[in-house]
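Trainee: Got a structure here, written out as structure tokens. Questions coming.
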Amino acid sequence: MLYPELFKSMEAVRWNMATDIPWDDFDGSKLSDEQAYTIKMNAITEWAALPATEMFLRDNRDDSDFSAFMSIWFFEEQKHSLVLIEYLRRFRPDLMPTEEELHKVRFEFDPAPAMETLMLHFCGEIRLNHWYRCASDWHTEPVIKAIYQTIAHDEARHAGAYLRYMKRALNQKGQELGDQARLAFSKIGVLMASAHRTPQALHPTNLHVNKALYPEDTVQSKLPSPGWLEQWLDNQIRFDKDWEGKVSARILHNLSLLMNSSFKTVQDLNRYRKEIIRGTAAVA
């Protein structure tokens, strides 16, 4: 089982909201209304770890190891929301999310293949790490800059944990399930490493997850300002092609190590995906 080791390693580096955030360094002259509002939107978005956890537990009922790991992931993701809310409580209480606004992002996600969802969230953690690093650069107020750096490090650790469960799926579940996992990982990898080709921000909170609620079935659609994410990325923190290239490169690098192959481009990964499909068809 991976959970006991992951618990121990993450416990060792867990930060304390009271003592590890430099609250006393706050400089109100360096926080604009525009910047403060984006903090509120991110706080609500992070709250969506709640329905995501409910989805993971439902779709992984046969995997108690991974389900137990959700206790770590859920705690740390909700802590991200909490530290952003605490920042607003201290310095911009007028922008604190209401309980109603937080609860609105808690809705049911349709069932989906567990391996595809795992890969999707692995890529999502990599993307969040880069988004938050970029946001830290954009912000000018010292405390929120430090908060975004802190939670960015958490997202990187979460990606590493998901990667270990992906490796387990390839090596410990048998040949047939391993091939299914390879196909799922490469399929979602092609999508998530190609975000520069899509107008939509490719992150789990921005993807459709409930057919019955379509088109208002993304986490972002439930926010007070549903279109804020693209505005934040394109016009505020300016998450440009260079940043997007770093995300794509990180996904491809990790998949190269995972699959024992070399994926320098999305096209390389797509060719690998097609080879798996041909191989599966030949066996059938």
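The values are calculated or read from the model by the stated rules, or taken from the named source; none is laboratory data. Keep in mind that what you see is a predicted model, and the values were worked out from it rather than measured. Quick reminder, even Gly has a Cβ in these numbers, built from the backbone with ideal geometry, and neighbours come from all protein chains shown. Side chains included, ligands, DNA and RNA excluded: accessible areas come from the protein's heavy atoms. Shrake-Rupley method; radii C 1.70, N 1.55, O 1.52, S 1.80 Å.
Trainee: Per residue and in Å³, how big is the convex hull formed by the alpha-carbon atoms of the chain?
Mentor: 131
Trainee: Averaged per residue, what accessible area in Å² does the stretch 160-284 show with a 1.4 Å probe, protein chains only?
Mentor: Averaged over the residues of the stretch 160-284, the accessible area is 54 Å².
Trainee: Show that you can apply the helix-only estimate: for the chain, add -39,500 (n - 2.57) for every DSSP H stretch of four or more residues, divide by all residues, and state [θ] at 222 nm to the nearest 500. Mind showing how you got there, number by number?
Mentor: Numbers: 11 runs with 184 residues, N = 284.
Calculated at 222 nm, the ellipticity per residue is -21500 deg cm²/dmol.
Trainee: I've got another one for you. State the percentage of accessible surface on the stretch 3-150 attributable to carbon and sulfur atoms; use a 1.4 Å probe and exclude ligands, DNA and RNA.
Mentor: Percent of accessible area from carbon and sulfur atoms in the stretch 3-150: 54.
Trainee: Further, regarding this structure: Could you work out how much longer the chain between residue 100 and residue 2 gets when fully extended? Use 0.36 nm per residue separation minus the Cα distance between them, nm to one decimal.
Mentor: My answer for the length gained is 31.7 nm.
Trainee: Tell me the label-point distance for the pair residue 9, residue 235, using the 7 Å Cα-to-Cβ offset, in nm and rounded to one decimal.
Mentor: Calculated label separation equals 4.1 nm.
Trainee: Sticking with this structure for a sec: What FRET efficiency comes out for the pair residue 212/residue 71, r = Cβ-Cβ distance, R0 = 30 Å, nearest 0.05?
Mentor: After rounding, the FRET efficiency stands at 0.55.
Trainee: Where is the GNM fluctuation largest for the chain (alpha-carbon springs, 10 angstrom cutoff): 138, 47, 73?
Mentor: 138
Trainee: Per the Cauchy relation, a quarter of the hull surface: what is the mean projected area of the convex hull of the alpha carbons in the stretch 152-197, in nm²? Could you put the intermediate results ahead of the total?
Mentor: Details: hull surface 14.4 nm².
Reported value for the Cα convex hull: 3.6 nm².
Trainee: Give me the dipole magnitude in Debye, nearest 20, for the chain about the Cα centre, with unit charges on the beta carbon: positive for Lys and Arg, negative for Asp and Glu.
Mentor: Magnitude of the dipole: close to 1080 debye.
Trainee: Farthest toward the dipole's positive end in the stretch 160-273, which of 208, 186, 224, given Cβ charges of +1 (Lys, Arg) and -1 (Asp, Glu) about the Cα centre?
Mentor: 186
Trainee: Something else: Kindly flag which residue pairs out of 79/222; 145/264; 211/246 have an alpha-carbon separation exceeding 30 Å in this structure.
Mentor: Correct reply: 145/264; 211/246.
Trainee: Okay, moving on. Considering only the other residues whose Cβ falls under 11 Å of the Cβ of residue 201, what net charge follows from Lys and Arg at +1 and Asp and Glu at -1? Intermediate values should be presented prior to the final figure.
Mentor: Numbers: positive: 127; negative: 230, 234, 244.
Once all neighbours under 11 Å are counted, the net charge is -2.
Trainee: Give me the distance in nm between label points sitting 7 Å out from Cα along the Cα-to-Cβ direction at residue 156 and residue 17, one decimal.
Mentor: Taking the two extended label points, one gets 2.4 nm.
Trainee: At 30 angstrom or more along the helix axis (alpha-carbon based) and mean Kyte-Doolittle of 0.0 or higher, what helices does the chain contain? Whole DSSP H runs only.
Mentor: 64-91
Trainee: Around residue 28, under 12 Å between beta carbons, what's the net of Lys plus Arg minus Asp minus Glu among the other residues? Spell out each step's value before the answer.
Mentor: Working: positive: 30, 90, 92; negative: 25, 27, 33, 141.
Once all neighbours under 12 Å are counted, the net charge is -1.
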